[in-house]
Structure formats: structure tokens, C-alpha cells
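The values are calculated or read from the model by the stated rules, or taken from the named source; none is laboratory data. Note that the structure is predicted; figures quoted are calculated from it, not measured. Cβ atoms come from the backbone with ideal geometry, glycine included; neighbour counts cover every protein chain shown.
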Amino acid sequence: MRILIVEDEEALASGLKFNFEQEGYDVLLAGDGPTALHLFQSETVNLVILDLMLPGMSGYEICKAVRLVDRLVPILVLSARTLSEDKMHAFDCGADQYITKPFALPELLNRIRNLLERHKTLVNATQGTSDPASVVEKFDYEHFRLDPQSFEVVVGDRRQSLTTQEMQLLRYFIAHQGDVLPRHQILEDVWDQNADVTTRTIDNFVLRLRKLIEPDPARPRYILSVRGTGYRFINGEEATTTQKTAWRRN
Ligand code: CA
């Protein structure tokens, strides 16, 4: 397994490299965006550790550029920026996880292991090499179709790519169709238990999913809000029925 560390602080970069190698990982180092992207495209990289404040190209830009060529590779942002806006922006750019500096090394290693494990499961599932039960699922709904093999949502003739995290959240909703899912439970099940995300992150991801799959994101028919609790994914037709019933009652 090879990890690409994009970090301009040399002492930190070499410290991480040393520790990752102790854990048995191969490590590539890049101190700036162009070097990182060059390495990413010329070598096999299984996971990216990404600083945000870098000379020249920012970590956000690097993240977007990596996502253009690889939607699935786990990207873990490691940054001194603690504002939730920064985290949201990183997730918008396609990051999977966010850890703020200073960090605890065991936690970082733990997250790396989990991300690599999840990535393997997802890739196996999409390539149909996992257990037969999980092979080639199709998710057809009235207004959208989820193609788990290409990680795309198809609406009419428009295809939109999902990041790993978006895909995991949408599949989680679909797997729990009809259930009321509290935010804290979604956080535990879809993100790492220790993930540096708040329940607001979930709201942000839901907004993005709604823009992708809902005919009218302001009046969701699939991912419904459950006031004070969380969300409930339903088949879009059920929403119509519920609405009709409500109107009839009025
Ligand atoms: Ca930096």
C-alpha cells in the first residue's frame, strides 16, 4: 500500500514518512501541488494525505485535480485550519476525511487503516469480485438511477460522479429505506467513529445529494428531513402518496 504525503513542512513530512514506513506502508513525499499531481499520475497511490496551506497550489485545488482522475482514492486532509468552513470546502472538493493539526499519531494511523479497508471493500463491490450477494446492485428510482459500478447518479441523460463518501452515504440511505436515521447514527455508521466531522457535515452532504437526485431539492421526495432527529430515505413515490394524503386531510 502506497501513501502519498503532500506536506510542505519538511520535518512533519519526514516524521510521517518514518512512522508510516514502520507500519509497512510505502511512502511518497511531495512538498507542492505540481509534484504531488505528477507523482499521483505516474505511480500507484492508494491513499493521499493532504495539507491545505501549501506554496502555490492549495490543498483544495490539489484535491479537485486528484478527483478529476480518481474518484475513489481515499483523501485525508491534515490541516491546521480548524474552521468548519474549511472542512466543508475540503469535503466539497472531494476529501473523504479531515484531521486537524496537532493530531495524535495512533488516531491518524487508525483512520488510514479504515480508509484503506473501506476503499478495498468498495472497489471489490464495484468490480464484482466481492461476495456474490453484493455484486452489481441496481438502484432505479422514478427520478434517478444510481450506478454503483461507475459511481454515478443518472438523471435523465445527465450523469454525475459521486465521491466515495457521497456514494457511501447514498447507499446507506438506500439500504435503510424507510427508517428514521438519527444524525449521530449516520455519523457512526457512515463516517469513522472518531472522524473529525460534526453532524453539520451530514447536513452538508445531504444538501449535495439532494441537488443530485431530487427533482426539486427544496421539496425533497427521497431524502426527507425528520425534524430534530435526522433523515429518512424513502422511495419517491411514497412521498407523493404521503403528500396527497396530507392534502386530502386538509
Ligand atoms: Ca503547510
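Screening ALA80, ALA65 for residues that are within 11 Å of the ligand (Cβ to nearest atom) and of a type in the set (A, V, I, L, M) leaves exactly one candidate, ALA80. Among the residues that make up region 44-54, is at least one of them over 23 Å from the mean Cα position of the chain (by Cα), at pLDDT 95 or above and within 16 Å of the ligand (Cβ to nearest atom)? Within region 44-54, none of the residues are over 23 Å from the mean Cα position of the chain (by Cα), at pLDDT 95 or above and within 16 Å of the ligand (Cβ to nearest atom). Quick check, is LEU29 more than 23 Å from PHE91 (Cβ to Cβ) and assigned by TED's automatic domain parsing to the domain that holds PHE103? Yes. Taken over region 6-26, the criterion of being within 16 Å of the ligand (Cβ to nearest atom) and either charged (D, E, K, R) or not assigned by TED's automatic domain parsing to the domain that holds PRO106 (or both) is satisfied by GLU7, ASP8, GLU9, GLU10, LYS17. Within region 131-142, if we keep just the residues that are touching a helix residue (DSSP H, G or I) at 6+ places or on another chain (Cβ under 6 Å) and at pLDDT 85 or above, the residue that is surrounded by the fewest Cβ atoms within 10 Å (Cβ to Cβ) turns out to be GLU142.
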